Structures are given as C-alpha cells and as structure tokens.
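The values are calculated or read from the model by the stated rules, or taken from the named source; none is laboratory data. Only a predicted model underlies this, so the values are computations on that prediction, with no experimental measurement involved. A quick note on method: Cβ atoms are made from the backbone with ideal geometry, for glycine too, and the neighbour counts reach across all protein chains shown. With ligands, DNA and RNA removed, areas are computed over all heavy atoms of the protein, side chains included. Shrake-Rupley method; radii C 1.70, N 1.55, O 1.52, S 1.80 Å.
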Amino acid sequence: MRRSIPEQDHTTGQGERPSFSFAPIGVVRSPYTERFGTPRQPTITTQVKEDRALPGRIEVLPEFAAGLQDLAEFERIWCLFVFHLNQGYGLKVRSPRDPSRAVGLFSTRAPHRPCPIGLSCLRVTAIEGDAIHVLGLDILDGTPVLDIKPYVPYADAFPEARAGWLEGRVQDEPDEFRPR
C-alpha cells in the first residue's frame, strides 16, 4: 500500500499507563437474572435455562439509535459489555474442562478479570427503534453495553486457529471457573 502522507509517530513518549473511563451506550435485556442457568458460552445451551438459546435484546440509549441504521443487514454482532456485578479476580483459575490444572486467566474466558470487559457474538433477529433483538445471550439482565460492532466472517472467523490447552476437550462442557 502506498502512503499519500509521510509516516508519523503517534506512540513514542506515551509515558505511564493511562486509565480510561467509559459510559455505556445501552443495556442488555436478558432472560438471565442470575449466574446459575446462564450460558457460559453463547453457543452452548445445555444445562441452561430452558436448555435453549433464549431471546433477549440490547436497548441503546435514544441518542445512539440512529447508529443502528443498516445493522439489520448483518446476521451477527459483537457486543462489548461490562461484567458490572463481578468482584475480584485471580491470575490463575481452574476450569471444569481440566480441574486438575490451574491455567492463566488470560488463556480463559473467565468473567472475573482485572479489566471487566466482556465480548459476545450474538445473532441479530430484528431491530426495532432503539432495540436490537438477539439470540445467543450469555449476559445477565441489566448489563451495561459499551459498544456494538458487526460480525464480519471474512475478518472475524479463523476456524483453523489453535485452541491452546482446550484442544481435544469436549466443547459442550459447562464453563465454571474457580480462582486457584
């Protein structure tokens, strides 16, 4: 790719690690009001409430509703949200997929994290006004939403990617992480 302007350095001399604060753009309306019965991964629906993916919605604040235009053309979205009810975290956790071994927090999808941001890929079923109707929620009701992005298969799917310590494990086991 040929640049039309000279290369610029915007990163040298940034100094200390900054902190950030974010304001939600909306809220999740979910059938799940407690951790028990909530899917641990959006596509795994065994051992969850009603043993199936239940419908829910994301309600964006009115000032962001115009940003939903054209989103209905996408089958899926990424939803970035805050694990607002979680407290504390451990840098090593035990998974039911291998309870004999403590693994590093960042090699898991455990919800208790130092920066409590969650990410879910959800199926869009409809958009009405300021609401995105979805399937595949693994998010509790009332969860603050930070951002919504379209899922783009050619850029977001890597089916041949390695799965680390999860290789060969049963995919539909429930995920219940415990601090070490």
(request) Could you tell me which of the residues 111, 159 is modelled with pLDDT under 90 and within 18 Å of residue 30 (Cα to Cα)? (result) 111
(request) Only residues in segment 30-41 that are open to solvent by less than 70 Å² (accessible area, probe 1.4 Å) count as the first member; pair them with residues that are modelled with pLDDT of 70 or more and small (Gly, Ala, Ser), Cβ under 7 angstrom, at least 6 apart or cross-chain, and list the lot. (result) 30/56; 31/56
(message) Going by what's in this entry, would residue 132 be described as farther than 21 Å from residue 33 by Cβ, out of contact with any Ser or Thr (no Cβ under 8 Å at 6 or more places or on another chain) and among the β-branched types (Val, Ile, Thr)?
(response) no
(message) Anything in segment 89-108 that is outside any strand (DSSP E or B), out of contact with any Gly (no Cβ under 9 Å at 6 or more places or on another chain) and open to solvent by 50 Å² or more (accessible area, probe 1.4 Å)? List them, or say none.
(response) 89, 106
(request) Output the qualifying pairs, or none if there are none: Cβ atoms under 7 angstrom, residues six or more apart or on different chains, first residue in segment 62-77 and closer than 19 Å to residue 121 by Cα and open to solvent by 90 Å² or more (accessible area, probe 1.4 Å), second residue modelled with pLDDT of 95 or more and among the aliphatic types (A, V, I, L, M). (result) 75/124
(request) Spot the failing condition for residue 23; the list is (1) over 27 Å from residue 154 (Cβ atoms); (2) modelled with pLDDT under 95, and only one is missed. (result) (2)
(request) Taking the residues in segment 42-54 that are open to solvent by less than 90 Å² (accessible area, probe 1.4 Å) and under 16 Å from residue 122 (Cα atoms) as candidates, determine which candidate is modelled with the lowest pLDDT. (result) 45
(message) So, in segment 120-141, how many residues would count as being over 17 Å from residue 53 (Cα atoms) and open to solvent by 30 Å² or more (accessible area, probe 1.4 Å)?
(response) 4
